[in-house]
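One structure is given here, and the rest of the page talks about it.
The values are calculated or read from the model by the stated rules, or taken from the named source; none is laboratory data. Not measured: the values here are computed from a predicted model. With ideal geometry, Cβ positions are generated from the backbone for all residues, glycine too; neighbour counts draw on all protein chains shown.
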């Protein structure tokens, strides 16, 4: 698997070095696409993420940027807090359609939402890790509830969809009661990519649903082995998931980063770049070619989906 790069970006009204404007994000996306960055992770500012200023809704930003630069993936951060899973599934799948199968969600562990709490099967349930696991499970099942094969579009017979192929998920867990199905077809990449951060979550928690796992320096040691073990227990393979190391790349030497990745069997990096748009652009141009060992521009537009750009196995479009 080649070195995968994901760029973390906070887009909003910049009043400090952590945020960039929407206009600057357009320029950054162009450079990131040119140099082979697989995806841009768009920060959600509903919680304290260290950003100074107010971030724009990441699904809206992703849709806007995809309309200008559609050859790169967009991963929208969505916290479980204040986001009902059915609504989140619809928003992210809409972004996936708008990007032609180049979308994902970085699901953040948190609290609940007013809609779900009104019908929660277990009102006393509060563990954020268990909530994340159930939420991610609901997302993936919803994304599979309306297979693309259900779309017929037979004008002569007057049949738009095969309703028998569309199945409610009828989920009832500790935190959520979701009937489903979604009201639109599944993704051309099977389903949108799910990104998980190790920290509050451990390898066991993310093994069932995550496609990309991000780990910081303090937790990198042993992360690969723990993830491989958890994936086997979940009936999956280590090759099904990309393990990325989160780094503030402006502070690191590329050779040292590559050595760190090799030591801990990382598949790539999530670059957290701050200092304003100019600093982000400088770091992208200087570091990404050296980290990916391509030496020159390597457009992600050669990949048909975000899964392909991340080096993940392609999922077939979900069938009944």
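General remarks:
- Matching residues, region 263-286, being without any contact (Cβ under 8 Å) to a residue 40 or more places away in the chain and under 23 Å from the mean Cα position of the chain (by Cα): 283
- Test: residue in region 308-317 that is modelled with pLDDT of 90 or more, part of a helix (DSSP H, G or I) and closer than 21 Å to residue 242 by Cα: yes
- Hey, residue 30 under 19 Å from the mean Cα position of the chain (by Cα) and closer than 23 Å to residue 96 by Cβ or not: no
- Residue 229 meets each of the listed conditions (1) farther than 24 Å from residue 59 by Cα; (2) assigned to a loop (DSSP other than H, G, I, E, B) apart from (2).
- Matching entry among 37, 92 (being within 21 Å of residue 274 (Cα to Cα), touching a residue at least 40 places away in the same chain (Cβ under 8 Å) and surrounded by 24 or more Cβ atoms within 10 Å (Cβ to Cβ)): 37
- When residue 40 is tested against (1) within 17 Å of the chain's Cα centre (by Cα); (2) at pLDDT below 95, just one condition goes unmet, and that condition is (2).
- Selected residue (criterion: surrounded by the fewest Cβ atoms within 10 Å (Cβ to Cβ)) from residues of region 45-62 that are at pLDDT below 80 and over 11 Å from residue 9 (Cα atoms): 48
- Between 119, 140, the distinction of being in contact with a strand residue (DSSP E or B) (Cβ under 9 Å, 6 or more places away or on another chain), assigned to a helix (DSSP H, G or I), touching a residue at least 12 places away in the same chain (Cβ under 8 Å) and closer than 30 Å to residue 174 by Cα belongs to 140 only.
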